[in-house]
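Presented below is the structure to which this report refers.
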Amino acid sequence: MTNLATLQSQAITDIESADSLKSLDDVRVALLGKKGKLTEQLKALGQASVEEKKTFGKALNELKEQLQSAIETRQAALERSEIDLRLRTETVDITLPVREEVRGTIHPITQVLEEITAIFADFGFSVAEGPDIETDWHNFTALNIPESHPARQMHDTFYLEAKDEHGNPMVLRTHTSPVQVRTMMTQKPPIRIIAPGCTFRCDSDMTHTPMFHQVEGLVIDKNIHFGNLKGILRQFCEAFFGVADVPMRFRPSFFPFTEPSAEVDIGCKKSKGELVIGQGSDWLEVLGCGMVHPNVLINCGLDPEEWQGFAFGMGVERLAMLKYNIPDLRTFFDSDVRWLKHYGFAALDIPNLARGV
Ligand code: PHE
């Protein structure tokens, strides 16, 4: 039988001097593999006397455990230093100028959201936000859409498995209008907000995507009337499209949360794969609006005798298509780098009203 002490010290030296995971594994195999030095010793134990088996066997097993744990410790250290090395060699020098071929662009949706925000900020509106996952109450009931109301079917709602505190399924918000409710319940009037964000409907075809963007607007004050609403929307359109005579059409419509209600179309022309604003032979619907329904004010704790207001919700993709001649809605979500290069905006080109949006 070999001198165990020699075997031990040699093995520990080998383990500790292994400088890669591969060479450590070679050491492990040479010691503990099928034909490893220690394995051979354990095999040889078969021929030993009972007394020898007892003492030598115990020592061998202890050595085996000791070597195994030394290997594990060394392995962990080697793994750590491999990661450290990668972190050191794979750093990105963010002070280097961006190479043209990897420079990204601002998506037209982001750009348009920023343009809309800049315009309404100039009108004295602030930005409000709400969650994408809403309660049934905020998305429908508080907005004067009771259960079993046919208007619920107007929205192809994505229902979630999660339930709210009343046991009703949570929904992906079908519009940004629940932010009206959240704002009225937490802020004292007068209120002047816009709420940009994602909205979701179970609908997908040429002109609808399951996720899209809206900007909600809400004004609550005393003596607010439909003329104020029309004025704001026209001023917005003129600033947004940068033309004084945008063809606009207010069509009487129905929303449970506004009365009276209207839908607004922008005159446009589709020709040769481009969508051009003006010379309105075609109309594209871009927003819904109206005077806030008294029931909604009451649901949010406001007295309709004292406060009135208007609200609107605009479709961001539609506005982007009109302004930037983008004929196909679905291309917004294709992540096609060539499309993004063509329609995207320079990162530092932040919209501001003084320069024109
Ligand atoms: N929430 C409506 C929709 O998504 C739009 C709207 C907002 C209409 C505010 C009136 C007032 O269709």
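Report, by residue number, each residue of the stretch 267-286 that is crowded, with 19+ Cβ neighbours inside 10 Å and within 27 Å of residue 308 (Cβ to Cβ).
If the condition is that a residue be crowded, with 19+ Cβ neighbours inside 10 Å and within 27 Å of residue 308 (Cβ to Cβ), then 286 is the only one that fits.
I'd like the full set of residues that are modelled with pLDDT of 85 or more and basic (Lys, Arg), limited to the stretch 84-127.
86, 88
Are any residues in the stretch 146-165 away from the ligand (no atom under 16 Å from the Cβ) and under 21 Å from the mean Cα position of the chain (by Cα), and if so, which ones? Before you say what the answer is, go through the steps one by one.
Start the filter on the stretch 146-165 by keeping residues that are away from the ligand (no atom under 16 Å from the Cβ), which leaves 146-148, 159-165.
159, 160, 161, 162, listed by residue number.
Could you grab me the full set of residues in the stretch 113-127 that are touching a Pro at 6+ places or on another chain (Cβ under 9 Å) and open to solvent by less than 20 Å² (accessible area, probe 1.4 Å)? Please lay out each step first, then the result.
Keep residues of the stretch 113-127 that are touching a Pro at 6+ places or on another chain (Cβ under 9 Å), which gives 113-119, 127.
Within the stretch 113-127, 115, 116, 119 meet the criteria.
Restricting the stretch 235-245 to residues that are among the hydrophobic types (A, V, I, L, M, F, W, C) and outside any loop (DSSP other than H, G, I, E, B), which is nearest to the ligand (Cβ to nearest atom)?
Residues of the stretch 235-245 that are among the hydrophobic types (A, V, I, L, M, F, W, C), as a first pass: 236-237, 239-241, 243-244.
Remaining after also requiring outside any loop (DSSP other than H, G, I, E, B): 236-237, 239-241.
Working: 236: 14, 237: 16, 239: 20, 240: 17, 241: 20 Å.
Here the residue is 236.
Rundown of residues vs (1) without any contact (Cβ under 8 Å) to a residue 60 or more places away in the chain; (2) under 26 Å from residue 144 (Cβ atoms); (3) touching a strand residue (DSSP E or B) at 6+ places or on another chain (Cβ under 9 Å); (4) not assigned by TED's automatic domain parsing to the domain that holds residue 114, yes/no style:
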position	(1), (2), (3), (4)
296	no, yes, yes, no
305	yes, yes, no, no
309	no, yes, yes, no
322	no, no, yes, no
335	yes, no, no, no
353	no, no, no, yes
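Scan the stretch 148-165 residue by residue and report those that are exposed (fewer than 15 other Cβ atoms within 10 Å of the Cβ) and among the polar types (S, T, N, Q).
The answer is 148, 153.
Please indicate, with yes or no, whether at least one residue in the stretch 200-213 is in a strand (DSSP E or B), out of contact with any strand residue (DSSP E or B) (no Cβ under 7 Å at 6 or more places or on another chain), of a type in the set (Asp, Glu) and over 24 Å from residue 301 (Cβ atoms).
Quick first cut of the stretch 200-213, residues in a strand (DSSP E or B) only: 200, 205, 208, 211-213.
Next, only the ones that are out of contact with any strand residue (DSSP E or B) (no Cβ under 7 Å at 6 or more places or on another chain) stay: 205, 208.
Narrowing the set further to residues that are of a type in the set (Asp, Glu) leaves 205.
The next check asks that each one be over 24 Å from residue 301 (Cβ atoms); those that pass are 205.
Taking every residue of the stretch 200-213 in turn, at least one turns out to be in a strand (DSSP E or B), out of contact with any strand residue (DSSP E or B) (no Cβ under 7 Å at 6 or more places or on another chain), of a type in the set (Asp, Glu) and over 24 Å from residue 301 (Cβ atoms).
Being of a type in the set (Val, Ile, Thr), more than 21 Å from residue 182 (Cα to Cα) and at pLDDT 90 or above narrows it down to one residue among 292, 264; which is it? Break it down into steps so the answer makes sense when it comes.
On the way: 292 fails: more than 21 Å from residue 182 (Cα to Cα).
Just a single option satisfies the conditions, and that option is 264.
What number goes with the only condition from (1) over 29 Å from residue 115 (Cα atoms); (2) assigned to a loop (DSSP other than H, G, I, E, B); (3) without any contact (Cβ under 8 Å) to a residue 60 or more places away in the chain; (4) open to solvent by less than 40 Å² (accessible area, probe 1.4 Å) that residue 145 does not pass?
Only one criterion in (1) over 29 Å from residue 115 (Cα atoms); (2) assigned to a loop (DSSP other than H, G, I, E, B); (3) without any contact (Cβ under 8 Å) to a residue 60 or more places away in the chain; (4) open to solvent by less than 40 Å² (accessible area, probe 1.4 Å) is unmet by residue 145, namely (3).
Within the stretch 280-302, does at least one residue satisfy the condition of being acidic (Asp, Glu) and more than 30 Å from residue 270 (Cα to Cα)? Even if it seems obvious, please write down each step before you answer.
Of the residues in the stretch 280-302, the ones acidic (Asp, Glu) are 282, 285.
Applying the additional criterion that residues be more than 30 Å from residue 270 (Cα to Cα) yields none.
Looking through the stretch 280-302, none of the residues is acidic (Asp, Glu) and more than 30 Å from residue 270 (Cα to Cα).
Residues are listed down the side, and each one gets a yes or a no for (1) more than 10 Å from the ligand (Cβ to nearest atom); (2) within 20 Å of residue 116 (Cβ to Cβ):
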site: 247; (1), (2): yes, yes
site: 251; (1), (2): yes, no
site: 266; (1), (2): yes, yes
site: 273; (1), (2): yes, no
site: 277; (1), (2): yes, yes
site: 288; (1), (2): no, yes
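Suppose the filter is within 28 Å of residue 191 (Cα to Cα) and either open to solvent by less than 40 Å² (accessible area, probe 1.4 Å) or modelled with pLDDT under 90 (or both); does residue 314 pass it?
Details: within 28 Å of residue 191 (Cα to Cα): yes; either open to solvent by less than 40 Å² (accessible area, probe 1.4 Å) or modelled with pLDDT under 90 (or both): yes.
For residue 314, the condition - within 28 Å of residue 191 (Cα to Cα) and either open to solvent by less than 40 Å² (accessible area, probe 1.4 Å) or modelled with pLDDT under 90 (or both) - is met.
Any residue in the stretch 166-181 that is more than 12 Å from the ligand (Cβ to nearest atom), among the hydroxyl-bearing types (Ser, Thr, Tyr), open to solvent by less than 10 Å² (accessible area, probe 1.4 Å) and closer than 20 Å to residue 215 by Cβ? Spell out the reasoning first.
Here is the first cut: in the stretch 166-181, the ones more than 12 Å from the ligand (Cβ to nearest atom) are 166-172.
Remaining after also requiring among the hydroxyl-bearing types (Ser, Thr, Tyr): none.
Within the stretch 166-181, not a single residue is more than 12 Å from the ligand (Cβ to nearest atom), among the hydroxyl-bearing types (Ser, Thr, Tyr), open to solvent by less than 10 Å² (accessible area, probe 1.4 Å) and closer than 20 Å to residue 215 by Cβ.
Anything in the stretch 287-311 that is out of contact with any Gly (no Cβ under 8 Å at 6 or more places or on another chain), in a strand (DSSP E or B) and open to solvent by 10 Å² or more (accessible area, probe 1.4 Å)? List them, or say none.
308
From the list 66, 75, 41, which one is in contact (Cβ under 8 Å) with a residue 40 or more places away in the chain and open to solvent by less than 30 Å² (accessible area, probe 1.4 Å)? Before you say what the answer is, go through the steps one by one.
On the way: 66 fails: open to solvent by less than 30 Å² (accessible area, probe 1.4 Å); 75 fails: open to solvent by less than 30 Å² (accessible area, probe 1.4 Å).
Exactly one residue qualifies, and that residue is 41.
The values are calculated or read from the model by the stated rules, or taken from the named source; none is laboratory data. Source: prediction; values computed, not measured. In this analysis, Cβ positions are derived from the backbone assuming ideal geometry, glycine residues included, and neighbour counts consider all displayed protein chains. These area figures cover heavy atoms from the full protein model, side chains too; ligands, DNA and RNA do not enter into them. Shrake-Rupley method; radii C 1.70, N 1.55, O 1.52, S 1.80 Å.
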